[in-house]
Amino acid sequence: MGMREINIGDIDMSVSVTGQGRKPLLFVHGFPLDHTMWVEQAAGLAATHRLIIPNLRGFGDSGVTLGTVTMEQFADDLATLLDRLEITEPITLCGLSMGGYIAWQFWRRHADRLGRLILCDTRAATDTEEVRRARLIMAEQVISQGVEAATAPMLEKLVAPSTLAGKPDIISALKQMMIHNPPEGVAAAQRGMAERPDVSGWLGKIDVPTLVVCGEDDGISPPEEMHEIAAAMPQATFVCLADAGHMSPLENADDFNDAVREFLG
Ligand code: MLT
């Protein structure tokens with residue numbers, strides 16, 4: 001994907017802007033990944049849609065800020081990016097996992113810019129105290145030991161057993177994404193996720209058309225939990241994808257892209 005650098009105030013964001021069509025689709029990657037996790041959507045949807053695929057603050061070649069980057073800050077960055085790209089029509093925001101946490105905040109803070117939502121392999125609940133503590137420890141380890149050592153244990157949790165056994169290209173792509181991210185950026189996002197609120201109480205009010213997508217083997221945001229999210233939202237449809245874990249857009253790209261096409265009409 002060809003990347004552009006766009007200044008959004010205190011940092012430059014690297015973003016791919018491609019595709020044809022009137023309906024802009026903004027893709028928001030998960031943690032600790034980057035824009036390349038959407039490679040199959042860039043290939044499969046560019047003929048019909050304008051695709052905006054950024055690296056979030058602290059990821060890929062985007063600028064890094066130290067400390068904590070909250071989900072609210074990420075959402076505001078995306079709104080500024082849309083301003084800079086002069087995209088004024090309502091967008092479809094498609095976010096995976098951390099990208100979904102950011103999507104909730106985008107809805108709350110920039111609802112006027114949001115036409116539709118696609119929520120992939122994400123959660124509305126906040127963390128338990130144990131998970132929150134583990135995030136803060138990981139943030140320290142990323143700085144002291146490097147991204148590769150600190151994030152390696154995550155890798156096999158991200159995908160279905162069938163992907164781990166039979167799709168080495170996906171595993172290698174995920175590894176590359178992780179190790180190329182700046183430690184300070186990964187740590188800042190991890191601290192931000194530790195601070196994120198429980199948004200379960202918002203679900204009934206999010207009345208934009210929404211597609212909720214989950215890999216059937218997702219152990220991080222399991223299908224039962226995502227089904228409940230969809231059931232609580234007034235205009236949501238739930239789709240469970242075979243042969244996929246937490247990385248459903250990569251692991252079963254064909255079915256994922258079909259579901260998106262059908263949803264967007
Ligand atoms: C992600 O894929 O973005 C992460 O699993 C999110 C998280 O750590 O909660």
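One table, with the values for the structure above:
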{"quantity": "Residue among 99, 67, 60, 95 that is crowded, with 19+ Cβ neighbours inside 10 Å, touching a residue at least 60 places away in the same chain (Cβ under 8 Å), small (Gly, Ala, Ser) and assigned to a loop (DSSP other than H, G, I, E, B)", "calculated": "60"}
{"quantity": "Every residue from the stretch 157-166 that is surrounded by 14 or more Cβ atoms within 10 Å (Cβ to Cβ) and either of a type in the set (D, E, K, R) or part of a loop (DSSP other than H, G, I, E, B) (or both)", "calculated": "159, 160"}
{"quantity": "Residue 112, sole failed condition from (1) within 30 Å of residue 51 (Cα to Cα); (2) within 15 Å of the ligand (Cβ to nearest atom); (3) over 18 Å from the mean Cα position of the chain (by Cα); (4) surrounded by fewer than 14 Cβ atoms within 10 Å (Cβ to Cβ)", "calculated": "(2)"}
{"quantity": "Helices (runs of 4 or more DSSP H) (entirely within the stretch 167-265) containing at least 2 residues that are within 16 Å of the ligand (Cβ to nearest atom)", "calculated": "168-179, 183-194, 223-232, 248-251"}
{"quantity": "Scope the stretch 30-42; condition away from the ligand (no atom under 13 Å from the Cβ), in contact (Cβ under 8 Å) with a residue 60 or more places away in the chain and aliphatic (A, V, I, L, M); matching residues", "calculated": "39"}
{"quantity": "Matching strands (runs of 3 or more DSSP E) fully within the stretch 1-53 where at least 1 residues are closer than 20 Å to residue 120 by Cβ", "calculated": "12-18, 24-28"}
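Readers should treat all values here as calculations from the given coordinates under stated rules, not as data from a laboratory. Every value quoted in this text rests on a predicted model; they were computed, and no experiment measured them. With ideal geometry, Cβ positions are generated from the backbone for all residues, glycine too; neighbour counts draw on all protein chains shown.
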